[in-house]
Structures are given as C-alpha cells and as structure tokens.
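Undergrad: Mind having a look at this structure? Questions to follow.
The values are calculated or read from the model by the stated rules, or taken from the named source; none is laboratory data. Predicted model, so just to flag it, every value in this text is computed and none were measured. Please note: Cβ atoms are built from the backbone with ideal geometry, for glycine as well, and neighbour counts cover all protein chains shown. Each accessible area value is taken on the protein alone, full model and side chains, heavy atoms only, with ligands, DNA and RNA left out. Shrake-Rupley method; radii C 1.70, N 1.55, O 1.52, S 1.80 Å.
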Amino acid sequence: MNIVDLKKSLDFREEGQEIYTLMAGLYPICRSITGNGYRETMEALRRYIPVEIHEIPSGTKVFDWTVPKEWNIRDAYVKNSKGEKIIDFQNSNLHVLNYSTPIKGVFPLKELKPHLFTLPDRPEWIPYRTSYYEENWGFCLSHNQLQRLEDGQYEVFIDSTLEKGSLTYGEIYLKGEKEEEILISCHACHPSLANDNLSGVSLTTLLAKHLGTISHRFSYRFLFIPGTIGAICWLSRNEPSVNRIKHGLVITGVGDSGEFTYKKSRRGDAEIDRVACQVLKHSGQAYNIIDFEPYGYDERQYCSPGFDLPVGRLSRTPHGRYPEYHTSGDNLDFVQPQCLEDSFRIVLGILEVLEENCVYLNLNPKCEPQLGRRGLYNSIGVDAMAMLWVMNLSDGLHTLLDIGERSGMSFEIISTAGHKLYEHGLVEKI
Amino acid sequence: MNIVDLKKSLDFREEGQEIYTLMAGLYPICRSITGNGYRETMEALRRYIPVEIHEIPSGTKVFDWTVPKEWNIRDAYVKNSKGEKIIDFQNSNLHVLNYSTPIKGVFPLKELKPHLFTLPDRPEWIPYRTSYYEENWGFCLSHNQLQRLEDGQYEVFIDSTLEKGSLTYGEIYLKGEKEEEILISCHACHPSLANDNLSGVSLTTLLAKHLGTISHRFSYRFLFIPGTIGAICWLSRNEPSVNRIKHGLVITGVGDSGEFTYKKSRRGDAEIDRVACQVLKHSGQAYNIIDFEPYGYDERQYCSPGFDLPVGRLSRTPHGRYPEYHTSGDNLDFVQPQCLEDSFRIVLGILEVLEENCVYLNLNPKCEPQLGRRGLYNSIGVDAMAMLWVMNLSDGLHTLLDIGERSGMSFEIISTAGHKLYEHGLVEKI
Amino acid sequence: MNIVDLKKSLDFREEGQEIYTLMAGLYPICRSITGNGYRETMEALRRYIPVEIHEIPSGTKVFDWTVPKEWNIRDAYVKNSKGEKIIDFQNSNLHVLNYSTPIKGVFPLKELKPHLFTLPDRPEWIPYRTSYYEENWGFCLSHNQLQRLEDGQYEVFIDSTLEKGSLTYGEIYLKGEKEEEILISCHACHPSLANDNLSGVSLTTLLAKHLGTISHRFSYRFLFIPGTIGAICWLSRNEPSVNRIKHGLVITGVGDSGEFTYKKSRRGDAEIDRVACQVLKHSGQAYNIIDFEPYGYDERQYCSPGFDLPVGRLSRTPHGRYPEYHTSGDNLDFVQPQCLEDSFRIVLGILEVLEENCVYLNLNPKCEPQLGRRGLYNSIGVDAMAMLWVMNLSDGLHTLLDIGERSGMSFEIISTAGHKLYEHGLVEKI
C-alpha cells in the first residue's frame, strides 16, 4: 500500500475523532521543556507508535545554548488567611509559573502580587507563563480572582525541583525507499493547552502510525520536541545528517476552526512551499499563505541561516492571533474533531504530492499521439485536458507539480492523467 | 514596396469586403479533412494565389497517426413514409455526419434515432458533427425538426464513398531576403461554416496575395490544411526544416464581432507573443491575451513538446465560446466585412512589426545629441519623446520592440522615430 | 561625527528655514546658462561652501554640442508712445526672453507682437522663455497686459551682450574614506524662479555644508550646473573618472507642497533606486515612484546610454505638472520652509542608507543565539524582531537594505538592530 491508497482507504472522520481522543488523554499532564510530564507524554504516544526517547543531560552545550536543569513539580497552592486553597495546581497546572523554583512561606498580599500573573484584557482566563532561563516563582490566575483578593497574609507553597537531570524528546524514523527524508516536527512542551500544541502532537502521532503501515519513497522523521531548546538540541546532535532532509513541516495549532495558514520556508520557493500552496489551493478550505519571518515556532531554528532547511509550517489560526492563545481558554472545547480531520487531510495531501511528484517523458513528443484510438479521448473534459497538459509538458523538464501549477489543475487530476498515460505506454518515468 | 508601404497603400475597407466575397464563394462547398470538396476549395484559392496542392496517400504513417481513407459524398437524404425528403444534403451539407459511410435502407424511427444528431439547447440550429476515425453514418438536424418526426418507416440514403485516396492540403512559400520563415496556418476542412474557418482561410488568402507583391525580410509559408491531421502531415513531411520557422500564427475565427483573442505560444514569451500583445494594445480594439493551453487548433501540434515552435493563435471570440460555434448558426450572416477588415489590419500590423523590428546603435551615446540644430526638436511632444527613447535605449541591446514595450509607445511611433534618426545619421542599424 | 549622528543632531526646522533664506537671497539674480548672473550665484554659495568655479570657453566642443556665447544683460524695457516703461526688466528678469540679443528701436505693435510671449491659459503670470541656440529677442509678459496694449509705436531696448566668453559652473568635492563617489547635481541656470530650481540649489548647498563637517565612507561630488549644456560639459571634461560614481541624485523642485516623486535611474534597480524607495516608504510622506524616461532634467545626460550612471532624481511635483512651472507663479510664495525641511530630511535619509548599508555575518548561524541571556530579548517587539531578521539573513549574501526590504521594516530599525548585534559580538562586518 502506498500513500495514495492509504489516503483513499482512510475514514478521515474517524481519524479526526481519534486525534481528539488522544489530545484529551494528554491534556491533564503538566508538561514543560524538561521533566517527568514530558516523559509521561512520550510514553503515552508509545501506545500508538514506537517513539524513541532521547535524554540530553542538563548542562550539555548545544550551539549557543545550554540544556537547562530539569524541572519537576508535584504540588502548589496559595492559601488565604482562613487556610482555604484559593489557587490550586491540582485544579489547573497553568496556575503555576512554568519552571517555578520551590517556595514555601507566608507573604502579605503586597509582596505576593509581583509573583501573580493575570490577563487584564481577558479577566476570566488563566494565562500560561514560563520562566525557563531566569529563576523565579509565581502563580497565574484569572484577573477577576486577583481583583477579589483581600489584603492579608497568604501561605504560598510550590513543591517543585529544579535540578541537574535531562531534557527529553521523542523521535521516530520510518525508513523509505530512499535515504532522503521528510521531517515532521511538533513541540510537545506546553502543559494543559489544547490547540497549542496537543493538536499538532496528536495529529503527528496518528500520521506516523499510518505511515508506518505503508511503503513510501521518502524516509520520514518525526520529532516530538520541547520548543526552541528541543529543536536546537536535535539539530546540534544531528548536524552531519540534516542535509538528508529534503522537505519539512512544523505542525502546530491545527485543531481550531480558523483558516489554514501555511508559512513558507526561508527559501520561499522550496518544493514543500509550492506543494503546500497547491494542496491548499485545491482543498476547498479557506487558507492564507504567509512569507517566512524569523519569529514563530521551530521553523526558526530549522530555517536559521546555518541550516536553511526547506521547512515550512502548517497551522490554522497563527499563534498570537486568537485570544485563547497561551491561556486557559485554549482548552478541549476550543478544538474540534472536524477541524483536526480537515488538518489531517491537508497534511496527508501534502505528503502525497511530495511522494508522487515525478517527471514523465512523453514518448510521442512530435505532435499529439492519437488518443482516440486508445480509447482515451472521446470528448474534451477535465480528464482529457489533464492528459493533454501532461503530454505537452512532459519534455523531461517539468514535474507533475509544475504541470499542475501551469495548468491550474489539482495535482490529483494531473497525477491520475499521468498514470493513465503511463499505463498506455505514452509516457515513461524518468 | 515593403510591408510599411503596403499597409499605408491598402484600402482596408475594400480588403474586408474582398475577404467576405471569397468566403461567400467558398461557403457552399462540402469540405472534410479529405476529398474533392477540399480540392475544389484549393482550386478556388488558386484564382487569387498560386497555392501548391499536396496529396498524401491514405495509409501514410505520420508520427502516431495514419492518413485516413478519402471521403467523398454526392448526395444524402431521409424520406418519410410519404416519400418526402425531410432531410436533404442539397439544402445544407451540415445535414450529413461528416465522414458518414454509405447507407441505403429503410428504418423505423426508433432505429434511425441513434443516427440523428441535434442540439437540444439550440433547437433551431443544425449541429456540425464528424466521425473521422470511427466508421458510422448519421444525419444532423434541428432539434425542433427531430421532435416533429412521427413514428413510421424512413428511407435513408447516403451516397458517399470512403476509400483509399489521399489527403489534400495547400501551401504557398514566398521567398524573402532571409531563409528564416514566418508560418501562417489555417484549417480549411470545415463544410458550410463561415467563421470557423472560412474567415481564416479567406483572410490568409488575401494576405498571401498582397505579400506576394512586395519585398520582405522573412520568407513566408502559408498552410491551408485540414485540422489536426493536416498539421501532423505537414510537420511529418517537413521535420528537417521546421527550425527555419522563427514566428508563426494560426488564424481562425476572425470574422465575428467579438473581442480579439491572442493565445500565446507554448513558450509564452516568444517574439510573436510580444509583438501580438504590442499590436493589440495599441490597436484601439478590445482584446484578450490568453496563455497557451494544449487544446485548441493546430497550435496544439506546432507547440507539441517535440517541436515547441513559436506559434501563437489569433482569433476573435475563441472556439466554443459563442453559441453559433459548430452549428448552422455560423453562417454568412454571423461574420461581417468590417470585422474581417479589422482582423486583417491586426494581422498585417503584427507582420509589419516582425519585419521592421531591428536594433539601432546610437552613434552619439554620450549625452544626448543636439536635436535642435538638426531641426528634430522644437518642443517636446510624442515624436520628440519617441526619438529620445530610441536614442536612450539604442545601446545595441534593445530592439525597437523592446523600446516600444518600455516606453509604452506604439511600435509605429518608435519605428518612425528610429527611421528619422537614421536619416539624420544619429543611429545606425546593426 | 558620521551621517547618523549628523542626522540626529540637526534641527531640521532650522535647516528648512535656512534653505529658504538662501533661496530668497538668490531669487533676484538674473541667471542664464552663462553669464555674470551665474557667477554671482556661485559667489553667493561660496559664503556657505567652498564651491570651485569652472569656466569653459565659448566654442568648446563638448560631445555633440558647442559651448555657446556668453550672455549678459544690464537692462531692458518697452516704452509706449507716452514714454512710459510698460515692460521693465528691473521689475522682473522674466520679462526678457532669456538669451535675447541686444535691440534698440521703435516698432508698431504689429511688428512687436511676434516678440512678445504670454500664457493665454494663465493670463496673470509672466512666462519664462529662453532662446539659447537660436538668436532672437523678445519680452515675456502677462496675457492680461498683452490684451491691454493699444496700437501705436513702442520703443524697445534690450541692453544685452552675446559674445565669446565662457560657461560657468560650480563643483565641490568632499573626499571620503573611499574613492567611490556619490554625485549630487542641480541646475542653477534659471532666473527668478523659486522651486525650479533655487530650491534644489539651496538644499544642495546646505547639504554640502553639513557633509563637509563629518566623516563619510563615500566621497561626494556636488555640481551646480546650467541645465543640459552644463551636465554635458561636466561629463565631457570628466569622462575618465565618471565610473567612480556609484550613486547619484539630481535634485530639483523640492520646495513646493506636492507629493515626493522619485524617478528611477535608467537601470531601474540601482541601489540608489532601491534606497530612495525604501526611505520614502518609511518616511510618512506621500510619494510616487516613477520609472525612468529620457525626458526631464540632467538625469537625461547622466543616464544616456554611453554613461548609464546610477543617477535618479528627487523632486516633489514633477516639472510641468504644476501650473506655476516656468512662470512668475513659481516665486518665493510658492515654496515653503516646511516643505524644504521635509525634502532635506529625505535627502539626508537617502545618503544615510547609502553610507550605512553593509553586510553583516551572523557568527552563530546555526540556530538562533540565546538573546535572552545577553539581555537583548525580553519580549517580542519591533526591536527583537529586527534582530531576528538581521541574524536570519546575515548569511553574507544580504545587505541591510535587502533585509529592510524583505522584512518590511525601515532601514533605520534594521541598521540599529545590526549595530546592537555587532556590539554584542553576534555579527561581524564583512
């Protein structure tokens, strides 16, 4: 079975549901860029796919960076003077400033306040905040709650550790016919946030699961990494072989109901860029194509000038453009199985084009061959038109993708026409 | 006399009328891709121009195709049970399925019906149908008439032959100063249809007649060929010398009152493409430029990847975009002398640019020469501006066409300015 | 002090006022393409800057041209039959056809009329007319006045001389770190016309004055030349060294309140063209970019094909597009200190980009360096974004200008980010 057959055989509705179910299972875990929450997440993925788990010791130098100490947390709360837990990590792991150092003490409100983070503009949501590289402690809460806090003494407790340990990431490699690779990368370091990026983690997991069952031309490498530092670690450890990556995709924020957004690679005209545009154009979905900029997710690292890998990014609404972004509003209600389903279809569509794109050579290049006597041409329609296009441009210089772009027809129609001509001996593959 | 003088001396109104008159004379003949109707048409053209007539035997292999048997028809009709001729070839040659095999017999309506072709959407018109490569017989009639047919027996008679013979086409070659050729091609295989393509045949005939009376840089080759198979025959027989063709134009459907349509060659930026755009832009006529696609008329063959000749197509409303297309509605009322006149002017304008385009070299390239003391520059206006443009860009790298495109001025104005500078010794021709 | 510091330290409002004051001082002088008015103007500039004055003898051959005789004028008038001076050179030097030959005589109105020039469409303004290369005499007056003239005899007197002498122009050269030059050219040959081009002359003077006080990478050459013939003289005398000119700007008509107009060099994509577009785009000023055309001011000569220098032109409303152009309406009320100030800021901004544009090399090209621990990245904003852009594109192939264009950010922001990264050892200059 190849990817074309896979795409035909899948029940995408069921896949969307399955991705959502996986997300729901991962949602409660308190993840960070290091620690047991990350390991637990990777273990959960291993129920679907054989994720290989890597551990990079704290203190390891990775390019300009150093792998930080490992952070773990068991409990945290703030109690008021009546002894009531008014902020409780057990209710939401967003309540703790991610990477908080341990603390135990009693503070008057005035001294506590600099350690409390809220969103005045979205007073009902808890913000998601981190302090990876600057030691600090703190709590996140809704602005409404903050405003209700009365003067008085507050008991603060964060039962965390920040110690030498390691950074964890997951990786799967699926060997294909060729050594050339397609990289699929997603960050898995956020705690209870759904769209950012359990959606990407879960979609990628299901994708890897299915690709593991079929044959494919390209080899595939899936990375489940903590954002930024994880990509830097991986690039640092795999520098000699990154030139095998011929196409790459960062997958994030694919569960909301916004329009698709494809962000081009730094190169801007890499095959992955052209393929993503082509697939979205013919998908029937609303979408936007945006140029590369050096801010965003891990495409920042893959597209740094020393690597300049052909890695684009597929999202729906981009990070920071939806109010729920990095708040407790990005929960399981914010994402929908139907949206995950559509995203899965787009990703598989992109991979299908990458797999199937090829160059045919017209074996009758002088004038048109007589399609009629081969039963290929009764009257002109989309299929005949596609065959005429493939024959006209199969001069050895044009890929099927080129032909799709020039004809304005979908890759699927062009590719099908190519197959049909091939079966009739009118073109050969080169 | 050169083409510039010719264009100035012609009475285009008279030419439009003359083209129409020729069309009217050719209209009644029953043409097909082979047979005596085609020969009769070529003989009619010989009253204007010395068309050389070629005969290619049936069965000749031409690339992937085989020259078909020759078809001839003398008469055909359907009689009702009262013995009345209800469909009569003598009234319109469109009534017979073109390439019908001979038949004589009596059929009940039910058995006759699969052999009757109509246009339900245009119930008053007789469609034009062919069956060149699949033996069949049939009649075309208006849908209104079909609906009035009563049950009963019908006498069917088609007095045709489909036998070994030959395919006929006409060709004229006008030797110019150089061996490099301009190809003008039109299909002449349709029976009583006016716009498609007696308009192209007749315009090309008058064009060849006039070009035969003047001197020209390029050699010209005019082809009057049956569509598709004719182009394939010609390319097959002339393969070694097709690389002499520097520019080419397929001329079809130039008599209706629709906007001009220039379809670019496969190359998309051939000189003929740029020239056609330039001439149409400054023509004062409404027009559209469309990209190459591998469907249409004989540009399909000239632009097949094994040839990839710089051949574009000039039409007015494209085939299939007007309801009269391939029906009895495409008759002598559908075309107008005024439209033929405008089309003729455009075609001659295109050839004029191809003939006159050249590179001048500014002999005073350092600063402007003093036009004033040569009486060339009194105040700034279109003419002085054109001279400034020609001088500024005549660095040996820009043709007059380039200068016209960059300045936004018509080729005619630029070329006139070039001539004037040349006369004053300010530029030389290279 | 370099140009960045200069730009920061200048009080532009004061500069605008100063430019206006200089214009006002120069306004009454009767200039032409030769003569004492031109010399007097150059002497006036020497109170600001050490203009070197060149004299080219009449009759000198300069490419296709010949330096004309020198013209000087002391007085001119027309008296009516009552002996009243009805046209008086002392009131406005525009009253005399520039380059008028001497005349003294009495003429009936009918004979005088062919020597009188008016603007029927703008009946209140005196036109500015010249007759450099065809000997003639004449007077310019308002059309209203012409219509009031009664029949009768008129006494005509023009006390001018047209004799062998020389053509005068001014030049300043400011040596920079490199021999490569930036050329700033303005025509100074018009009599009492303010915008065209005392605005350009005065702005250029103040610019030269300030650039004379700072250090700069490029050498600068300022030309104060009579239009056309002056540029031709200068190019003719400096032909061997014009290839030192790497960027150039013709400055004319920069005092009116119209939108800025940058006219591209003949090359169209020269660095000066890109820089001017970039500066105007981020200036907050309304502007238009127009393509090169071989009509206009002295860019015509600099961009003639034998030189093809990268010289653009900065104006506000282009010549001929405002009714006051070449009339007495182009007076000191037509220009405004505020507009001169804005123009000066744009010109200095363009030079700043030319001076500061460079290529940095990212010393941590593999993944992003950790900006946070260097205190360079607290939260994402314009400054951090600019640093990310500079690092991402500093692969040795992109200038700061390239980065500004691709990021859509102003050169100033990009350049500041580059400096900051340089100070932190994250990039080096190449």
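Undergrad: Quick one: if you take sqrt(5λ) for each eigenvalue of the C-alpha gyration tensor of chain B, what semi-axes come out, biggest first, whole angstrom?
TA: Semi-axes from the Cα gyration tensor: 49, 21, 17 Å.
Undergrad: Once the label point is set 7 Å along the Cα-to-beta-carbon vector, what list of distances in nm do you get between residue A:8 and its counterparts in the other copies?
TA: Residue A:8 label point versus its equivalents elsewhere: 6.8, 6.9 nm.
Undergrad: Report in % the part of the accessible area of the protein assembly as shown that belongs to carbon and sulfur, leaving out ligands and nucleic acids; probe 1.4 Å.
TA: Exposed carbon and sulfur together represent 46 percent of the surface.
Undergrad: Which of B:193, B:207, B:172 sits closest to the plus end of the dipole of the stretch B:165-220, meaning its Cα is farthest towards the positive end, when Lys and Arg get +1 and Asp and Glu get -1 on the C-beta?
TA: Positive-most Cα among the choices belongs to B:207.
Undergrad: Moving on to the next point. Take chain A, connect every pair of alpha-carbon atoms lying under 10 Å apart with a spring to form a Gaussian network, then pick out the residue of A:62, A:335, A:311 with the largest mean-square fluctuation.
TA: The residue that fluctuates most here is A:62.
Undergrad: How long are the three semi-axes of the equivalent ellipsoid of the stretch A:30-103, in whole Å, if each is the root of 5 times an eigenvalue of the C-alpha gyration tensor, listed from largest down?
TA: Here the semi-axes work out to 30, 18, 7 Å.
Undergrad: On a 1.4 Å probe surface of the protein chains, which of C:327, B:161 comes out largest in accessible area, and what is the full order?
TA: Highest to lowest solvent-accessible surface, that is B:161, C:327.
Undergrad: In A, who owns the beta-carbon nearest the axis carrying A over to C, and how many Å from it?
TA: For the rotation taking chain A to chain C, the closest Cβ gives A:269, 11.
Undergrad: Which whole number gives the average count of other chain Cβ atoms within 10 Å of the Cβ atoms across peptide C:302-309?
TA: 5
Undergrad: Pick out, from B:127, B:86, B:107, the residue whose Cα sits farthest towards the positive end of the charge dipole of the stretch B:85-129, with +1 on the Cβ of Lys and Arg and -1 on the Cβ of Asp and Glu.
TA: Working it through, the farthest residue towards the positive pole turns out to be B:107.
Undergrad: Counting only other residues whose beta carbon sits under 13 Å from that of residue A:29, what net charge do I get with K and R as +1, D and E as -1?
TA: Computed value for this residue: 0.
Undergrad: To the nearest 20 debye, what charge dipole does the protein assembly as shown have about its Cα centre, counting +1 at the Cβ of each Lys and Arg and -1 at the Cβ of each Asp and Glu?
TA: Dipole size: approximately 820 debye.
Undergrad: What translational D, rounded to a whole number of µm²/s, comes out for the stretch B:307-377 from Stokes-Einstein when the hydrodynamic radius is the Kirkwood one over Cα pairs, at 10 °C and 1.306 mPa s?
TA: 92
Undergrad: Another one. Extending each Cα 7 Å along its Cβ direction at residue A:101 and residue C:290, get the distance between those two points in nm, one decimal.
TA: Modelled inter-label distance: 6.6 nm.
Undergrad: While we're on this one: As an exercise, use a Förster radius of 45 Å and the Cβ-Cβ distance of residue C:110 and residue B:338 to find the FRET efficiency, rounded to the nearest 0.05.
TA: 0.30
Undergrad: Now for a separate question. Shielding by partners for A:381-391, please: the mean number of other protein chain Cβ atoms within 10 Å of each residue's Cβ.
TA: Taking the mean over all residues of the peptide, I get 2.
Undergrad: Now for a different question. Taking 2.2 N^0.38 Å as the expected size of a compact globular protein, what ratio does the Cα radius of gyration of the protein assembly as shown give against it, to two decimals?
TA: It is 1.21.
Undergrad: Let me ask something else. With the label 7 angstrom out along Cα to Cβ, how close does residue C:104 come to the same site in each of the other copies, in nm, nearest first?
TA: Once sorted, the set of distances for residue C:104 reads 11.7, 11.7 nm.
Undergrad: How many angstrom lie between the C-alpha centres of the stretch C:63-80 and the stretch C:351-430?
TA: Cα centroid of the stretch C:63-80 versus Cα centroid of the stretch C:351-430: 57 Å apart.
Undergrad: To check you understand DSSP bridge types, tell me what percent of the beta bridges within chain B (both residues inside) are antiparallel, rounded to 5.
TA: The antiparallel fraction comes to roughly 65 percent.
Undergrad: Please tell me the relative contact order of the stretch A:36-180 in percent, rounded to the nearest whole number, where contacts are Cα pairs under 8 Å and at least six residues apart.
TA: Result for the stretch A:36-180 is 37 percent.
Undergrad: All other residues with a Cβ under 10 Å from the Cβ of residue B:361 taken together, and with Lys, Arg as +1 and Asp, Glu as -1, what is their net charge?
TA: -1
Undergrad: Provide an ascending nm list, one decimal, of label-point separations from residue A:423 to the equivalent residue in each further copy; define each label point as 7 Å from Cα along Cα→Cβ.
TA: For residue A:423, the inter-copy label distances come out at 6.9, 6.9 nm.
Undergrad: Which links in A:61/A:246; B:281/C:263; A:61/A:164; B:246/B:429; B:429/C:264 stretch past 18 Å when you go from one Cα to the other?
TA: Result: A:61/A:246; B:281/C:263; B:246/B:429; B:429/C:264 exceed 18 Å.
Undergrad: Taking every pair of alpha-carbon atoms in the stretch A:200-333, give the share separated by more than 25 Å as a whole percent.
TA: 26
Undergrad: While we're on this one: For the stretch A:205-289, give the magnitude of the charge dipole about the Cα centre (Cβ charges: +1 Lys/Arg, -1 Asp/Glu; no others), in debye to the nearest 20.
TA: Value, rounded to 20: 300 debye.
Undergrad: Report relative contact order for the stretch A:165-252 in percent, whole number only (criteria: Cα-Cα under 8 Å, sequence separation at least 6).
TA: 50
Undergrad: Now for a different question. Under a point-charge model restricted to the Cβ atoms of Lys and Arg (+1) and Asp and Glu (-1), what is the dipole moment magnitude of the stretch B:127-221 relative to its Cα centre, in debye to the nearest 20?
TA: Magnitude of the dipole: close to 560 debye.
Undergrad: Residues of the stretch C:1-139: accessible area per residue at 1.4 Å, in Å²?
TA: Value returned for the stretch C:1-139: 50 Å² of accessible area per residue.
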